[in-house]
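The values are calculated or read from the model by the stated rules, or taken from the named source; none is laboratory data. Just so it is clear, the structure is predicted and the values come from calculations on it, not from any experiment. As a convention, Cβ positions derive from the backbone with ideal geometry for all residues, glycine included, and neighbour counts pool all protein chains shown.
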Amino acid sequence: MKYIKSYKEEYIIRICETYGIKNYTINEDGSIDVNGFVNLINKNLINLPLKFRRVTGSFACFDNNLTSLEGAPEYVGDSFLCFRNNLESLEGCPKYVGVGFSFNDNNIKTFEHLPTSIGVGYFNCNNNPIYEVWKLFEDYDKIEFFNYYDIIREPDVDSEEPIIILDRLNEFLKEIRKPTELNMLLGVPKITKVEGYKCI
């Protein structure tokens with residue numbers, strides 16, 4: 001008996017052909033796994049065209065107009081590159097990235113929704129508001145601890161700037177810094193201002 005493709009499968013196949021996605025498997029839930037590299041660079045995308053689940057190579061969707069990462073893979077074996085978009089949240093980004101993660105040139109203001117694990121590569125977040133915070137400690141392994149301190153809050157109704165609780169920020173920085181003899185003598189200067197944030 002000849003297998004007849006469903007409308008959903010036909011749609012997925014057509015989209016994969018349109019964007020040059022090869023070596024893929026369609027999963028029962030309509031997501032796809034890709035054995036290799038996914039190239040969605042500079043395609044004038046506002047949203048990702050498919051729901052991805054697992055990509056063994058890099059997933060590149062930079063130089064678009066993405067406002068959401070809905071549909072991004074949960075697992076990326078190499079690098080996840082979503083820089084130069086219109087993202088205000090990283091919700092939907094992979095849980096695991098094998099090499100590096102780059103989301104520079106967006107409008108990300110918190111460390112929420114980042115991958116649980118990033119491999120031995122790189123983490124790029126410059127040209128986002130959150131970069132001003134990142135510069136204070138620059139250690140991906142400390143981000144979960146940073147979020148635990150609940151330092152960044154939603155902006156006030158009358159403001160677009162998110163809020164930083166300075167006492168919590170300074171306590172976090174004090175906790176992660178290894179004490180040196182000089183620091184013990186001179187003390188570590190407290191942060192009183194972070195550009196792009198309302199500090200209270």
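The residue list GLU138, GLU144 contains one member that is over 23 Å from PRO49 (Cα atoms) and outside any loop (DSSP other than H, G, I, E, B), which is GLU144.
Of the residues making up the range 59-113, those that are β-branched (Val, Ile, Thr) and under 20 Å from PRO155 (Cα atoms) number 3.
If a residue counts only when it is more than 24 Å from the chain's Cα centre (by Cα) and at pLDDT 95 or above, which strands (runs of 3 or more DSSP E) contained entirely in the range 1-65 have at least 1 such residues? Break it down into steps so the answer makes sense when it comes.
Numbers: elements: 24-26, 32-34, 52-55.
Result: 24-26.
The residue pairs whose first member lies in the range 8-26 and is surrounded by 15 or more Cβ atoms within 10 Å (Cβ to Cβ), whose second member is assigned to a helix (DSSP H, G or I), and whose beta carbons are closer than 7 Å, counting only pairs six or more residues apart or on different chains, are TYR24/CYS16; ILE26/GLU9; ILE26/ILE12. Return yes when LYS109 is surrounded by fewer than 17 Cβ atoms within 10 Å (Cβ to Cβ) and either modelled with pLDDT under 95 or of a type in the set (Lys, Arg) (or both) and no when it is not. Criteria not met by LYS109.
Can you find, within the range 134-175, the residue that is farthest from LYS95 (Cα to Cα) among those that are of a type in the set (Val, Ile, Thr) and either without any contact (Cβ under 8 Å) to a residue 24 or more places away in the chain or not assigned by TED's automatic domain parsing to the domain that holds TYR197 (or both)? First the steps, then the outcome.
Step one: of the range 134-175, the residues of a type in the set (Val, Ile, Thr) are 143, 151-152, 157, 163-165.
With the extra rule that they be either without any contact (Cβ under 8 Å) to a residue 24 or more places away in the chain or not assigned by TED's automatic domain parsing to the domain that holds TYR197 (or both), the set shrinks to 151, 157.
Details: ILE151: 22, VAL157: 32 Å.
If we take residues in the range 134-175 being of a type in the set (Val, Ile, Thr) and either without any contact (Cβ under 8 Å) to a residue 24 or more places away in the chain or not assigned by TED's automatic domain parsing to the domain that holds TYR197 (or both), then VAL157 is farthest from LYS95 (Cα to Cα).
Each residue in the range 106-120 was checked for being part of a strand (DSSP E or B) and under 11 Å from the mean Cα position of the chain (by Cα), and 1 pass. If you go through the range 86-101 and keep only what is under 12 Å from the mean Cα position of the chain (by Cα) and part of a loop (DSSP other than H, G, I, E, B), you end up with LEU87, GLU88, SER89, LEU90, GLU91, GLY92, CYS93, PRO94, LYS95, GLY100. With respect to the conditions (1) in contact with a Phe, Trp or Tyr (Cβ under 8 Å, 6 or more places away or on another chain); (2) modelled with pLDDT under 95, GLU160 lacks only one, and its number is (1).
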